[in-house]
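Enquirer: Mind looking over this structure? Questions follow.
Every read-out reported here was derived from the displayed coordinates using simple, explicitly stated rules and does not represent laboratory data. All of these numbers come straight from a predicted model, not from anything done at the bench. Cβ placement follows ideal geometry from the backbone for every residue including glycine, while neighbour counts extend to all protein chains displayed.
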Amino acid sequence: MKGRIGFEATESFASKLDSDDPLARFRESFYVPGRVIYMDGNSLGLLCRDSESSVLRVLDEWKTLGVEGWLKSERPWFYFAEQLGAMCATLVGAGPEEVILSGTTTINIHQLVNTFYHPRGDRKKIVADELDFPSDIYALKSILKIRGANPSKDLVLAPSANDRFLDENKIVELMDEEVALVFLPSVLYRSGQLLDIQYLTEEAHRRDITIGFDCCHSVGSVPHYFDRWGVDFALWCSYKYMNGGPGSTAFLYVNKKHFDREPALAGWFGYVKDKQFDMSLHFEHSRSAGGWQMSSPAILSSAPVEGSLKVILDAGIEAVREKSLRMTSYLMYLVDEILSKKPYEFSIGTPREDARRGGHVAIEHAEGLRISEALRSRRVVPDFRPPNIVRIAPIPLYNTYHEIWQVVQHLKDIVDKKEYERFSKKRKAIS
Ligand SMILES: Cc1ncc(COP(=O)(O)O)c(C=O)c1O
């Protein structure tokens with residue numbers, strides 16, 4: 001019998017989805033760890049062959065060129081961050097000069113929030129949300145402290161009614177005349193809710209409030225149109241859906257209308273490019289996203305991003321999104337069909353509407369932690385987020401529909417056999 005969105009719960013239907021998949025060939029481009037069903041690409045994406053080649057090329061350039069590599073390598077290291085920024089710009093609907101590969105997510109939050117937070121008169125509050133990733137909140141509080149504000153009064157966290165989702169209208173209600181800046185995630189790291197960036201941006205600007213986004217959980221999975229939406233600034237990591245490797249260099253976006261603003265945290269790599277080596281003591285920032293760089297770019301942590309960007313651009317972000325939505329719908333369908341009733345009692349903690357969902361599905365269960373461990377022992381890699389969420393991220397470039405089907409069978413079997421009872425209720429350092 002056909003499911004309500006045209007899916008069927010049979011194994012042969014999963015195989016049919018794979019054989020009809022226009023992106024199936026990209027799986028060959030990746031190293032999928034042996035005999036593992038890898039569903040954690042929203043935490044650390046896998047290595048692709050192009051990234052490996054980029055790293056090996058850069059190592060060879062270092063070996064054979066030494067310091068000359070800054071200008072004489074295939075993609076001169078001196079311009080590498082700008083070039084990769086321009087490549088990534090097409091994924092986020094930005095001009096080539098509005099994106100730069102630089103820093104890390106948390107460093108870029110400090111850089112950009114400090115730049116764009118301009119308290120004036122009664123306007124000195126920052127609006128974020130109570131479901132935010134902790135590092136963002138730590139950074140916002142420390143910025144407020146350094147700037148002489150009071151985090152317990154001046155940081156306003158939009159509440160969630162159910163610990164899963166945020167209501168954009170409620171966030172807008174908080175945008176009053178005391179707010180100087182709004183800083184929000186694009187996709188919530190636990191539930192996978194995708195916020196309406198365009199709507200929030202329009203409403204913030206209507207009230208003369210600057211707005212920026214942490215897009216760690218959306219770039220590489222969801223298309224963005226920063227210029228069209230008028231977003232002021234954004235930042236994102238490159239190690240999740242961007243497959244840049246553990247701790248790879250992050251990205252930042254500054255809307256060109258702000259290029260004249262002085263970067264809050266100045267450093268010599270933010271200097272006007274062709275005059276940087278004049279070594280003037282008077283800082284003159286590049287009128288581009290590059291102006292917000294600080295230090296010498298980490299070339300070895302940037303190289304893999306080059307290769308992975310090539311693959312994503314080759315596949316096309318719209319096609320990636322289309323498959324991602326199909327995969328997450330299929331996973332939710334299988335959970336509903338097979339795992340929602342007694343004795344399984346799994347539920348979905350991710351929005352059902354395509355427009356409100358990022359690239360992963362939060363599967364909730366009272367025994368989520370021990371079920372995640374049982375999955376790992378069966379060579380399925382999910383991750384766990386407290387209090388009860390098994391996050392499953394089927395990645396369009398390297399996962400298959402058949403793997404999704406298998407994950408659901410594993411979950412069923414783990415509960416049928418009460419296999420999770422063999423595992424400790426204590427969390428490991430990283431889950
Ligand atoms: C939404 C979000 N923001 C910030 C961070 C922190 O990133 P980093 O360790 O690169 O500073 C993470 C890390 O996973 C994240 O998911």
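Enquirer: Tell me the net charge near Pro304. Cut-off is 10 Å between Cβ atoms, Pro304 excluded, with +1 for each Lys or Arg and -1 for each Asp or Glu. Before the final figure, lay out each step's value.
Expert: Numbers: positive: none; negative: Asp50, Glu52, Glu306.
Taking every Cβ under 10 Å from that of Pro304, the sum is -3.
Enquirer: At what distance in nm do the modelled label points of Leu300 and Glu68 sit from each other, each positioned 7 Å from its Cα along Cα→Cβ?
Expert: 2.2
Enquirer: Could you give each residue of the range 23-34 its phi-based ³J(HN,Hα) in whole Hz, using Karplus coefficients 6.51, -1.76, 1.60 with θ = phi - 60°, and x for Gly or Pro?
Expert: 9, 4, 4, 5, 4, 4, 7, 10, 8, 9, x, x
Enquirer: Nearest 0.05, what FRET efficiency do Thr10 and Ala366 give at R0 = 45 Å with Cβ-Cβ as r?
Expert: For R0 = 45 Å, the calculated efficiency reads 0.95.
Enquirer: How large are Rg and Dmax for the range 199-278 when only the alpha carbon atoms are used, in Å?
Expert: For the range 199-278, the Cα-based Rg and Dmax read 15.0, 44 Å.
Enquirer: Okay, moving on. Rounded to whole Å and sorted largest first, list the principal axis extents of the Cα atoms in the chain.
Expert: Taking max minus min along each principal axis of the Cα atoms, the chain gives 69, 57, 39 Å.
Enquirer: For the pair Asp20/Tyr79, report the inter-label distance in nm, with labels modelled 7 Å from Cα in the Cβ direction.
Expert: Placing both labels 7 Å along Cα→Cβ, they lie 4.6 nm apart.
Enquirer: Once you charge only the Cβ atoms, +1 for Lys and Arg and -1 for Asp and Glu, what is the size of the charge dipole of the chain about its Cα centre, to the nearest 20 debye?
Expert: On the way: 55 positive and 59 negative charges, 232 e Å.
Using Cβ point charges on Lys, Arg, Asp and Glu, the chain gives about 1120 debye.
Enquirer: Per 5 Å bin, what percent of the C-alpha pairs of the range 275-314 does each bin hold, from zero upward?
Expert: Final binned percentages: 6, 16, 17, 19, 17, 13, 7, 4, 1.
Enquirer: Return Ile197, Ile414 ranked ascending by Cβ neighbour count within 10 Å, so the fewest neighbours appear first. Before the final figure, lay out each step's value.
Expert: Working: Ile197 23, Ile414 26.
Fewest to most other Cβ atoms nearby, the residues stand as Ile197, Ile414.
Enquirer: Could you tell me which residue out of Thr400, Val172, Thr201 lies farthest along the dipole of the chain toward its positive end? Charges go on the beta carbon: Lys and Arg +1, Asp and Glu -1, centred on the Cα centre.
Expert: With unit charges placed on the Cβ atoms, the residue in question is Thr400.
Enquirer: Please compute the net charge surrounding Asp214, taking Lys and Arg as +1 and Asp and Glu as -1 over other residues with Cβ under 10 Å from its Cβ.
Expert: Details: positive: none; negative: Asp132, Asp136.
Net charge around Asp214: -2.
Enquirer: If you don't mind, there's one more thing I want to ask. So how tilted is helix 317-334 from the main axis of the chain? Cα-based, degrees 0 to 90, rounded to 10.
Expert: Relative to the chain, helix 317-334 is tipped by roughly 30 degrees.
Enquirer: Please compute the net charge surrounding Gly270, taking Lys and Arg as +1 and Asp and Glu as -1 over other residues with Cβ under 13 Å from its Cβ.
Expert: Working: positive: Arg261, Lys273, Lys275, Arg287; negative: Glu82, Glu262, Glu284.
Computed value for this residue: +1.
Enquirer: Going by C-beta contacts inside 10 Å, put Trp77, Trp229, Trp62 in order with the fewest on the left.
Expert: Numbers: Trp77 23, Trp229 20, Trp62 15.
Placing the least packed residue first, the sequence is Trp62, Trp229, Trp77.
Enquirer: So what J values fall out for the range 342-349 if you push phi through Karplus, 6.51 cos²θ - 1.76 cosθ + 1.60 with θ = phi - 60°, rounded to Hz, Gly and Pro as x?
Expert: Per-residue couplings from phi come out as 4, x, 7, 6, 7, 9, 9, x Hz.
Enquirer: Oh, and also: Relative contact order (percent) for the range 83-190, with alpha-carbon contacts under 8 angstrom and 6 or more residues of separation? Walk me through the numbers before you get to the answer.
Expert: Numbers: 127 pairs, mean separation 32.3, N = 108.
About 30 percent, as a whole number.
Enquirer: Take every Cα pair under 8 Å in the chain that's 6+ residues apart, average their separations, divide by the length, and report that relative contact order as a whole percent. Numbers along the way, then the final one.
Expert: On the way: 823 pairs, mean separation 94.4, N = 431.
Computed value for the chain: 22 percent relative contact order.
Enquirer: Another question, then. Helix 134-146 sits at what angle to the longest principal axis of the chain, using alpha carbons and giving 0 to 90 degrees rounded to 10?
Expert: 30
Enquirer: Checking the table Lys240/Lys428; Lys72/Lys275; Lys341/Lys426; Lys72/Lys273; Lys153/Lys257 against a 24 Å threshold on Cα-Cα, which pairs fail? Walk me through the intermediate numbers first.
Expert: Working: Lys240/Lys428 21 Å; Lys72/Lys275 19 Å; Lys341/Lys426 27 Å; Lys72/Lys273 17 Å; Lys153/Lys257 30 Å.
Beyond 24 Å between Cα atoms: Lys341/Lys426; Lys153/Lys257.
Enquirer: Further, regarding this structure: Could you give the nm distance between label points at Asp122 and Glu322, where each point is 7 Å from its Cα heading toward the beta carbon?
Expert: About 5.1 nm, to one decimal.
Enquirer: Next up: If neighbour count is taken as other Cβ atoms inside 10 Å, put Leu313, Leu101, Leu174 in order from fewest to most. Each step should come with its number before you reach the end.
Expert: Working: Leu313 13, Leu101 30, Leu174 17.
Ascending number of Cβ neighbours within 10 Å: Leu313, Leu174, Leu101.
Enquirer: In nm, what is the difference between 0.36 nm times the number of residues separating Ser340 and Asp260 and their Cα-Cα distance? Walk me through the numbers before you get to the answer.
Expert: On the way: separation 80, 0.36 × 80 = 28.80 nm, distance 5.42 nm.
Between Ser340 and Asp260, full extension yields 23.4 nm more.
Enquirer: Would you kindly calculate the mean projected area, averaged across all directions, of the convex hull enclosing the Cα atoms of the range 1-97, in square nanometres? Could you put the intermediate results ahead of the total?
Expert: Values: hull surface 40.2 nm².
Taking the Cα atoms of the range 1-97, their convex hull projects to 10.1 nm² on average.
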